[in-house]
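What follows is a short report on a single structure.
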Amino acid sequence: MDIAVDFDGTVVMHEYPELGENVVGAVEVLKKLVANNHNLILWTMRNEKELQDAVDWYAKHEIPLYGINCNPSQAEWTKSPKAYAKIYIDDAALGCPLLTNVVQEGEELKQIGRPFVDWKKVEEMLIAKGLIANQD
């Protein structure tokens, strides 16, 4: 199955144009998807050097990419520039489970930075759909 995966706020924390720290669980779940014969498509607004940084991040973590902002097989049946996938994992997607970093300031909690993908919950969703095996 072809799965499009956003980058900033999804696999790394929001620090664009720099690379943020890895979002906890992203590497492990992405590797499980590949191990279960799914094709990963990097689906990001990054371009030029910043895009290459994202591609290099995948290579560094030994996670193969099937496509970069495109699905190589869709050229056979459409000329649309939208990358076709069966699933899109993106911190901006409605319904994607998110986490936030918060700190206590006096009596109140204050959010630090933008929300990011909760890979533990994404993994649970992928297991429920039968796309990866439950390894517990």
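Throughout, read-outs are computed from the coordinates displayed, never taken from laboratory work. Because the structure is predicted, anything quoted here is derived from the model rather than measured. Neighbour counts run over all protein chains shown; Cβ positions are idealised from the backbone, glycine included.
Can you pull the three principal axis extents for the Cα set of segment 2-128, in Å, largest first?
Extents along the principal axes: 59, 37, 27 Å.
Work the Kirkwood hydrodynamic radius out for segment 52-101: mean of 1/r over every pair of different alpha-carbon atoms, inverted, in Å.
This gives a value of 13.3 Å.
Quick one: length gained pulling A59 to Q104 fully straight, 0.36 nm per residue minus the C-alpha distance?
Length gained, A59 through Q104: 12.5 nm.
With n ≥ 4 as the cut-off for DSSP H runs, can you work out [θ] at 222 nm for the chain, using -39500 (n - 2.57) per run divided by the number of residues, rounded to the nearest 500?
After summing the helix terms and dividing by the residues of the chain, the value is -7500 deg cm²/dmol.
With a cut-off of 12 Å, note down the residues of segment 5-34 whose backbone N falls inside the zone around a label point 7 Å from the Cα of K120 toward its beta carbon.
Under cut-off, by backbone N: 24-25.
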